[in-house]
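K.L.:
Dumping the structure here so I can ask a few things about it.
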Amino acid sequence: MEGTVGKSSADTPRSKNAVQSFLTRYRVCLLLIGVTLILNIVARLSPAAADLIGGTVGAAFRFLLSFLTSPFPFPLAEVLTVILPIAVLLLAVFGIRRVVRGGDTGAFTFFIIVLVTLLYPLYFFTLGVGYRITPGYVSLGLDPDEVGYEDAEAFTVYLSGEINSLSCGIQRSENGSTASGMSADELSDELCRIWGCGSTRIKPLVPEALFTSAGINGMYFPFTGEVCVNFSYPDYTVVFSAAHEFAHRCGISREEEANFEAYRRLMNGGTPYLRYSAALSMYEIVLGDMSRADPERYRTAWERLSEGAKSDILAARAHASEHAGKVTDASDALNDAALKLNGGGGRASYGEAAAIAIAHYKKYIAVSGR
């Protein structure tokens, strides 16, 4: 008994010393993680606090990351996406081997803590807090729950008029689909002007075929602040996808809000082609809802479009279906899970932008007689 008691007494100071050494060595890292965690909890409890955090610290993080990575002609996001999982896997194997052999795991612990210290605050301030801010449509006084089938039909009449009018003066490519006539840098300049973020450059996702097979036409990478777009899609989809990712870059994380804000800003301040892209992309979202809820209204809405606009939508559908498969299904499932984990409505939230846009039309456009 005395030997056992003596051993426990000897181990207690040693354990305390190990804890104290750990806390001392990683105090800065633990402080940053702790502060971020507290702010995360506060943001979840108070949308007003989330608005403040996202508009100050979050805006600074997003600007700084975008400013630092914009000069690179290729997406650093793709490099990190490949390197980080491999590095974590190798370190995990190394750490497990050291534990089995009774060796020191300090290097593995150091790597993991530093990695969490970097990634957790970066994610929270650049994207995570954006899920907790007051929705922009609430600030506009919109209530998506108040729209009905008649409102949706009136909205398609309005949009089809805009689409058909704009499509008359737009150039077309050899396959008949519309062409923006803009390079990636020119599109970046236009979107930076609209969104007010002059340090952001659009970068192409490569290889395009891989991302197309995964159903990815664009992404915002929170750890590098990069807006990346799949340029293999028809131009109107490329433009709207870029505007959608710019919304994320500017702190709007929810998918339905990013879609709505992309539509609203392009329609209000864009060139004719940007407005055409916004109107046709939103029309496509509305058609998707109609095809499921009211096939007859869907057919009527489809026939309202000019042949050129129909050609654009059909070209986008053909491009997506050509590359669809198991990779797309897996990507959709992963994306759906990620959106729900962050407090969103999953992939279904993309279509919720239609109800917001219809409410916006009903309140601000229909009443003006435009």
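Taken together, the values in this text are just the output of simple stated rules run on the coordinates, not laboratory data. Small disclaimer: the values here were computed from a predicted structure and weren't measured. Cβ atoms come from the backbone with ideal geometry, glycine included; neighbour counts cover every protein chain shown.
K.L.:
Do any GluC sites (Glu not before Pro) in the stretch 119-160 lie in a DSSP loop with no more than 10 other beta carbon atoms within 10 Å, and if so, which? All intermediate terms of the calculation are to be shown ahead of the outcome.
P.N.:
Numbers: sites: GLU146, GLU150, GLU153; in loops: none.
In loop regions of the stretch 119-160 (DSSP not H, G, I, E or B), there are no sparsely surrounded GluC sites (Glu not before Pro).
K.L.:
Can you pull the percent of Cα pairs in the stretch 138-368 with separation above 29 Å?
P.N.:
Values: 6049 of 26565 pairs.
Beyond 29 Å sits 23 percent of the P(r) for the stretch 138-368.
K.L.:
Apply the Debye scattering formula to the stretch 193-254, with a single equal point scatterer on each alpha-carbon and no solvent, then give log10 I(q)/I(0) at q = 0.15, 0.19, 0.21 Å⁻¹.
P.N.:
Here the Debye-derived log intensity ratios amount to -0.41, -0.66, -0.79.
K.L.:
Now, a different point. Going by Cα centres, the stretch 44-74 and the stretch 151-197 are how many Å apart?
P.N.:
A separation of 28 Å, based on Cα centres.
K.L.:
According to the Cα gyration tensor, what semi-axes, each the square root of 5 times an eigenvalue, does the equivalent ellipsoid of the stretch 44-193 have, listed from largest to smallest in whole Å? Kindly include the intermediate steps, with their values, before the conclusion.
P.N.:
Details: eigenvalues 399, 127, 55 Å².
Result for the stretch 44-193: semi-axes of 45, 25, 17 Å.
K.L.:
With viscosity set to 1.567 mPa s and temperature to 4 °C, compute the Stokes-Einstein D of the stretch 25-66, Rh being the Kirkwood radius across alpha carbon pairs; µm²/s, no decimals.
P.N.:
Values: Rh = 11.2 Å.
It comes out at roughly 116 µm²/s.
K.L.:
Next up: In whole Hz, with x marking every Gly and Pro, tabulate ³J(HN,Hα) for the stretch 222-237 from phi via Karplus 6.51 cos²θ - 1.76 cosθ + 1.60, θ = phi - 60°.
P.N.:
x, 7, 10, x, 9, 9, 10, 9, 8, 7, 7, 6, x, 4, 5, 6
K.L.:
Which whole-number percent gives the relative contact order of the stretch 195-304, counting Cα pairs below 8 Å spaced six or more residues apart? Display every interim value, and only then the final one.
P.N.:
On the way: 129 pairs, mean separation 21.0, N = 110.
About 19 percent, as a whole number.
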